[in-house]
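A quick write-up on the structure given underneath.
Nothing in this text is a laboratory measurement; each read-out follows from the coordinates by a stated rule. Everything numeric in this text was worked out from a predicted model, so none of it was measured. We place every Cβ from the backbone using ideal geometry, glycine too, and count neighbours over all the protein chains shown.
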Amino acid sequence: MNLLNMENPVFEVYAIAGSIVVLKVMLQGWMTVYRMLSSNSGLASPEDLQKGLINKDPSPEQLEVNDYVDRSRRMHRNDLENIPAFLAAGLLFVAVDPALWLAQVLMYGFVMARLAHFVAYATKRSHETRATFYTIGSMIVIYMVVHVLWLALS
Amino acid sequence: MNLLNMENPVFEVYAIAGSIVVLKVMLQGWMTVYRMLSSNSGLASPEDLQKGLINKDPSPEQLEVNDYVDRSRRMHRNDLENIPAFLAAGLLFVAVDPALWLAQVLMYGFVMARLAHFVAYATKRSHETRATFYTIGSMIVIYMVVHVLWLALS
Amino acid sequence: MNLLNMENPVFEVYAIAGSIVVLKVMLQGWMTVYRMLSSNSGLASPEDLQKGLINKDPSPEQLEVNDYVDRSRRMHRNDLENIPAFLAAGLLFVAVDPALWLAQVLMYGFVMARLAHFVAYATKRSHETRATFYTIGSMIVIYMVVHVLWLALS
């Protein structure tokens, strides 16, 4: 049985949810670039202090950690701790042929939890708010791989 | 020929090994949360100093690096440097139809190497011990992609 | 229709490009190890200051950030922000059955952009040079998932 194709509605849900979260993680990189350029700080490497198109007025303090820029990097790191795991877990989940409604709830739920986490982190909401959305996303990934293991090992 | 499905025993090995390492990386996040809450330190963002359910007695030192919490973050970073690469390499390896025993040795070997790396890092074993398990896991991923490249390019 | 197999030339392109970038990310880890050992600095954990095969003459400064070693870690982090996303985006892109030439341009283009980014970062080229190659790689991944979303949602 071939489930990993776009004619399978569950795979299509995975393709949509997976594409959105890949887009999310790529755009997080651009948010860091935007914040770095607009605040003219939070540079990563000593050679970035060269005068040039990106940096018209270099100064050594530009290499210091700046919360405005570093916040976007922390959001990115949080993505990297969750999104690649979701992408792999989701593909394996499709391969065990789950109910379509369950795939929709889990995968679109993950997308929404991560977007809410993004908003909570970007707007400096309380640790409790951010942790709630992190937990939802994390639990969804954990559920998916436990479901796969359960079926594979039984 | 369709190899990426649960009727293929090699894919089943990949699904089991892949699910375990996804679970491992997700639980590493929860180990960081546990250590952060139990030690009441190693917070990541300035807004986490707000008084609340998670932080009943805030103080500025909570934002400083704490080895107990940071160790779990370093273990997580090491996972991110290895596990997503394994997940992709493993899927490609299944697609070139390797012998089942070889897939079992490599994929379960990777799982065991990463679990041993986890124990060595968490219990502060010597750099040599940790490096040995890192090397085994890394060599397995490198072998898998070289095997895929060899077949694809020949 | 089963597209995720080595008889599909587009999947073969993905397998080759994916294997090369997995290899790249794994070798970046070994570049960090090489720089750490050859400079005898940039260690990550307090227990690495134990005398042993890896560290024959320990001193506390070995735990300080060293640009030679940290540069390789920053290159690695940049890989982790791009390569797992490419691996997932590429697989989804194969599943929507694109033209072979388009897959070749995008996937081999990504490989070349990341190798050029590696050279630019390792040889401390200007921020503008590094940013150019980052942008090419990033735009390719973004294009692939937007293409998938467009087809899946239309």
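Quick notes on this structure:
- Couplings 3J(HN,Hα) of segment B:100-115, computed from phi: 4, 4, 5, 4, 4, 4, 6, 6, 6, x, 4, 4, 5, 4, 6, 5 Hz, in residue order, whole Hz [Karplus 6.51 cos²θ - 1.76 cosθ + 1.60, θ = phi - 60°; x for Gly and Pro].
- Positive-end extreme of charge dipole, chain C - chosen from C:86, C:138, C:16 (charges on Cβ): C:138
- In terms of its C-alpha gyration tensor, segment B:70-121 has an oblate overall shape, because the principal axis ratio a/c (a ≥ b ≥ c, square roots of the eigenvalues) is not below 1.5 and a/b does not outweigh b/c.
- Reach of residue B:24 by Cα under 26 Å, taken over lysines that are not fewer than 8 positions away in the same chain: A:24, B:124, C:24
- Averaged over the residues of peptide B:37-47, the number of Cβ atoms from other protein chains lying within 10 Å of each residue's Cβ is 3.
- DSSP-assigned coil residues among GluC sites (Glu not before Pro) in segment C:1-58, each with at most 10 further Cβ atoms within 10 Å: C:7
- Peptide B:25-31 has a mean shielding of 5, counted as Cβ atoms of other protein chains within 10 Å of each residue's Cβ.
- When the square roots of the Cα gyration tensor eigenvalues are ordered a ≥ b ≥ c, the ratio a/c for segment C:21-140 is 1.5 or more and a/b exceeds b/c, which makes its shape prolate.
- Cα-based shape type of the protein assembly as shown, given that a ≥ b ≥ c are square roots of the gyration tensor eigenvalues and the cut on a/c is 1.5: rounded
- Peptide A:50-59 is shielded by partner chain Cβ atoms: per residue, an average of 2 of them sit within 10 Å of its Cβ.
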